[in-house]
Amino acid sequence: PPVALTSITSRYETLYRGTTAREEAALQAATPREADAALRLLQDTPLGALTVYVLPESSPLLPQGVHVYVGRHRSALVRAAPALAALRARLQQLAHLVSFTGASVSAALSDRLPASQLGPDAGRHFKSSLGYEITFSLLNPDPKGHDVHWDIEDAVGRYVQPLLDKLSFMANFSIASQILYYAVLGVTPRFDKNSSSFLLSAHSLPHVINPVEARLGSSAASLHPVLNFLLYVPERSHSPLYIQDKEGALVGTNAFHSPRWGGIMVYNVEGPAAPQASLPLRVDVDMVRVMEVFLAQLRLLFGISREVLPPEFLLESPGNEGVADWELDRLLWARTVENIATVSTTLTSLAQLLDKIGNIVIKDDVASEVYRAVDAVQSAMEELARGHLRSAFQASKEAVTSSEQAFFDPSLLHLLYFPDDQKFAIYIPLFLPMAVPILLSLGKMVREARQRKKDPTKTD
């Protein structure tokens, strides 16, 4: 049957008020960034809400040509328009930017919708999980030529940990790092005579990951999704190495990412000043440049992406935190909807499996987990309808936990995967050796009884 198009009904609770004296003072700042930081100290805006300050049309706070400014937190500055309809249009554009839209629903339910309804980036991000493992790997295929050093611990603390701290109530994160020697990409780059460099074309990038993944060893024993970030220092015989996009142009970051897997960055090393320079050449990795790339890839893998906006919009960079507060709200909306859909699928699959097994016994603790999951998912939907984002997400997490505990309960597993044909396959070899002589004896007794009926006993 045809699948109905995904739709969403958005309801906005709008409150109007005048600015306070302290807010007026904050709006007298020299730049929008300073005003946003000052307004943050005056606000107690809940998750999923946005405070919009309408500035006079002649206000010098916004740059020339900018009509809407969205800061790092949950506030925005909008320049007043000569007509009320124009101001309303700007506010509608702003609401569409920071709200959970139909495209966000499709992306959150990408595993349950046909490909015709999905956008090009729907399958890029990792699915919702109670935990994630992040692994940073330095690949040095030529340790005799390059002695590579990277301060990954300090870089993670500066660039990655602030982002994970903001996402900590969504899931548990663990971070690991490793250095792999003599690890090659598995694809021979093409030498370009014009630029005297080696090139990796876009069509060869999918073949790069598999040989490297065999060396990582991180996802084999992991219970949670693993995000892999690889820094590859090419050997001297293949340096410098650059990545080409589909149009043949060089990629500025010299990196690429793989959906739901991670990213790889190629880090070229400057050659020695003289041929007689001693080897191995010491290489100190510029972690600022590397972590900027990895942080951008991490945002994409978590589904934190920004839309193409008209030129009159100005969005503030999230800075070291990696994600703005309003972007975090959008992510929470997506994860809540995805968790609700996951619970529905899990419980439906459990009910279908149990219906196929007539003699199964469901323990009380399994039943209580199912009831708890149903109550939690109903609570999540109610809280989501009321606009209580944090409580809705927490309820959806509890529903996922309870549904998975019920589905993977040890008392059900051996019955779910022990159908009748397997029972016959196990018990027949045990009973067949004993059954053969018994059946032969019964057959002999039947034949003797029939023979006695045909030949009555003679009496003298």
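The values are calculated or read from the model by the stated rules, or taken from the named source; none is laboratory data. Not measured: the values here are computed from a predicted model. When we count neighbours, we look across all protein chains shown, and the Cβ atoms used for this are built from the backbone with ideal geometry, even at glycine. Just the protein is used for accessible areas: all its heavy atoms, side chains included, with ligands, DNA and RNA removed. Shrake-Rupley method; radii C 1.70, N 1.55, O 1.52, S 1.80 Å.
Worth a mention:
- Verdict on Ser195 being open to solvent by less than 70 Å² (accessible area, probe 1.4 Å), under 29 Å from Phe126 (Cβ atoms) and not charged (D, E, K, R): no
- Selection within the range 121-156: residues that are surrounded by 18 or more Cβ atoms within 10 Å (Cβ to Cβ) and aliphatic (A, V, I, L, M). The member of this set that is farthest from Glu307 (Cα to Cα) is Val148.
- Residue in the range 248-256 that is within 25 Å of Leu164 (Cα to Cα), in contact with a His (Cβ under 6 Å, 6 or more places away or on another chain) and surrounded by 13 or more Cβ atoms within 10 Å (Cβ to Cβ) present: no
- Some residue of the range 10-18 being of a type in the set (A, V, I, L, M), modelled with pLDDT under 90 and farther than 28 Å from Phe393 by Cβ: no
- Meets criteria (touching a residue at least 12 places away in the same chain (Cβ under 8 Å), open to solvent by 40 Å² or more (accessible area, probe 1.4 Å) and not aromatic (Phe, Trp, Tyr)) for Thr345: yes
- Flag for Val54 being out of contact with any Asp or Glu (no Cβ under 8 Å at 6 or more places or on another chain) and open to solvent by 20 Å² or more (accessible area, probe 1.4 Å): yes
- Taken together, Arg260, Arg215 contain a single residue that is assigned to a loop (DSSP other than H, G, I, E, B) and either modelled with pLDDT of 85 or more or open to solvent by 50 Å² or more (accessible area, probe 1.4 Å) (or both), which is Arg260.
- Scanning the range 185-198 for residues that are closer than 26 Å to Ser137 by Cβ and either out of contact with any helix residue (DSSP H, G or I) (no Cβ under 7 Å at 6 or more places or on another chain) or outside any loop (DSSP other than H, G, I, E, B) (or both) yields Thr188, Arg190, Ser197, Phe198.
- Within the range 341-349, one or more residues are at pLDDT below 90 and either of a type in the set (A, V, I, L, M) or outside any helix (DSSP H, G or I) (or both).
- Residue within the range 135-151 that is under 18 Å from Met291 (Cα atoms) and outside any strand (DSSP E or B) present: yes
- The range 157-184, residues that are out of contact with any Gly (no Cβ under 7 Å at 6 or more places or on another chain), part of a strand (DSSP E or B) and open to solvent by 60 Å² or more (accessible area, probe 1.4 Å): Ile175, Ser177, Ile179, Tyr181
- Condition met for Ala29 (open to solvent by 20 Å² or more (accessible area, probe 1.4 Å) and either in contact with a His (Cβ under 7 Å, 6 or more places away or on another chain) or part of a helix (DSSP H, G or I) (or both)): no
- Those residues of the range 329-366 which are closer than 23 Å to Ala37 by Cα and either in contact with a Ser or Thr (Cβ under 6 Å, 6 or more places away or on another chain) or in the same structural domain as Val66 (by the TED database) (or both), in sequence order: none
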